[in-house]
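In what follows, a structure is listed as structure tokens, so that the remarks can point back to it.
The values are calculated or read from the model by the stated rules, or taken from the named source; none is laboratory data. All of these numbers come straight from a predicted model, not from anything done at the bench. Note: ideal-geometry Cβ built from the backbone for every residue, glycine included; neighbour counts use all protein chains shown. To get the accessible areas, we keep the full protein, side chains included, count just its heavy atoms, and leave off ligands, DNA and RNA. Shrake-Rupley method; radii C 1.70, N 1.55, O 1.52, S 1.80 Å.
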Amino acid sequence: MDDQLLTPLSNKQKTVIVTGIVLAILLPFALTLPIAFSSLNRPDKVLASRFAFWAAVLMLLLYAAKVEHRKLLMWDEKRIDIVFFLVSVVAMYFLSWACALVAAIPRLLGWHENDAVFRKIVQLFVNRQWLMLFTAFTAGVTEELIFRGYILTRLSLLIKNRYLPVIISAFLFGAIHFSYRSLREVIFAFLIGIMFGVHYQKYRNIKVLIAAHFAIDIVNL
């Protein structure tokens, strides 16, 4: 186990870490909200909101360095070979289908799903493949850095139980997908968050998660 996970935290350190977690959750919303209410057309709003996520990561990077005095990726990246990388990405992609099946259960039981938001997003990408690629790439990189690279690792400092940080970070990851107004999407994101969190805890390689996240998003879109 990491030495930093065993070292007791002072109340000041706990406050700094909790503040960082709150910032990680709120920054994407705070930066994208003005864009949502701006006079930009829809494609430009989507593009600007993606840059807002990159800005949120940059702010977290600065907060980690200047306030926490830590790296954004608190856990050192473990070296893996190309075979393990590819097998992991493919495995998580196919496991995402199992997550999708579980997420569809409420709909199969009669829950009414509102697909209007998701349909508008998909229609937006018609003849704008570059925007679709940039959106999927941004989600893969920024959401993994925020939810697994930052939030999960900081929760692991605060909570000594191995599983609770994974569950809490996955819950938060699912909650941000409520913007789609779809219970299925929230459940799907939560299950993906569990799978990715467990993988990151064990193998400590964010690149695998970024690639798998991008693959899942680009194929779904």
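Give the accessible surface of region 58-154 per residue, rounded to a whole number of Å², with probe radius 1.4 Å and ligands, DNA and RNA excluded. The partial results should precede the final answer.
Working: 5680 Å² over 97 residues.
Dividing the accessible area of region 58-154 by its residue count gives 59 Å².
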Relative contact order computed over the chain (Cα-Cα under 8 Å; 6+ residues apart), in percent: 27 percent
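Quick one, can you get me the convex hull of the C-alpha atoms of region 86-129 expressed as volume per residue in Å³?
Working: hull volume 3.8 nm³, N = 44.
Value for region 86-129: 86 Å³ per residue.
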For a Förster distance of 25 Å, can you work out the FRET efficiency between the beta-carbons of residue 51 and residue 162, rounded to the nearest 0.05? 0.10
In nm, to one decimal, how far is the modelled label at residue 94 from the one at residue 44, with both set 7 Å along Cα→Cβ? 4.6 nm
If one computes the Cα centroid of region 68-137 and of region 177-221, what distance in Å separates the two points? 5 Å
How large are Rg and Dmax for region 16-142 when calculated on the C-alpha trace, in angstrom? 18.4, 50
Which pairs break 31 Å Cα to Cα here: 66/202; 120/160; 78/120; 12/202? 120/160; 78/120
What number does region 58-111 give for Rg over Rh if you use C-alpha atoms and the Kirkwood radius? 1.27
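Under a point-charge model restricted to the Cβ atoms of Lys and Arg (+1) and Asp and Glu (-1), what is the dipole moment magnitude of region 97-221 relative to its Cα centre, in debye to the nearest 20? Provide the component values of the computation, followed by the final result.
Details: 13 positive and 6 negative charges, 62 e Å.
It works out to roughly 300 debye.
Scaled to the compact-protein estimate 2.2 N^0.38 Å, what is the alpha-carbon radius of gyration of the chain, rounded to two decimal places? Spell out each step's value before the answer.
Details: Rg = 17.7 Å, N = 221, 2.2 N^0.38 = 17.1 Å.
My calculation over the Cα atoms of the chain gives 1.04.
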Taking 8 Å as the Cα distance limit and 6 or more residues as the minimum spacing, I'd like the relative contact order of region 7-96 as a percentage. 26 percent
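Using the membrane-span-like helix rule (whole DSSP H runs, Cα extent along the own axis of at least 27 Å, mean Kyte-Doolittle hydropathy at least 1.0), which helices of the chain qualify?
Values: long enough: 11-36 (37 Å, 1.43); 42-63 (31 Å, 0.96); 82-103 (31 Å, 2.41); 183-203 (30 Å, 0.93).
Going by DSSP H runs, the hits are 11-36, 82-103.
What's the carbon and sulfur percent of the chain's accessible surface, probe 1.4 angstrom, rounded to a whole number? Please report the intermediate quantities before stating the final value.
Details: 8470 of 12180 Å².
Of the solvent-accessible surface of the chain, carbon and sulfur hold 70 percent.
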Please identify the longest segment of the chain free of exposed trypsin sites (Lys or Arg not before Pro), where exposed means a DSSP state other than H, G, I, E or B and no more than 16 other Cβ atoms within 10 Å. 1-70
Based on the Cβ-Cβ distance of residue 137 and residue 11, what FRET efficiency does E = 1/(1 + (r/R0)^6) give at R0 = 45 Å, to the nearest 0.05? 0.70
Please compute the length gained on full extension between residue 36 and residue 130, using 0.36 nm multiplied by the number of residues separating them and subtracting their Cα-Cα distance. 31.8 nm
How far is it, in nm, from the label point at residue 101 to the one at residue 179 when both lie 7 Å from their Cα along the line to the Cβ? 3.1 nm
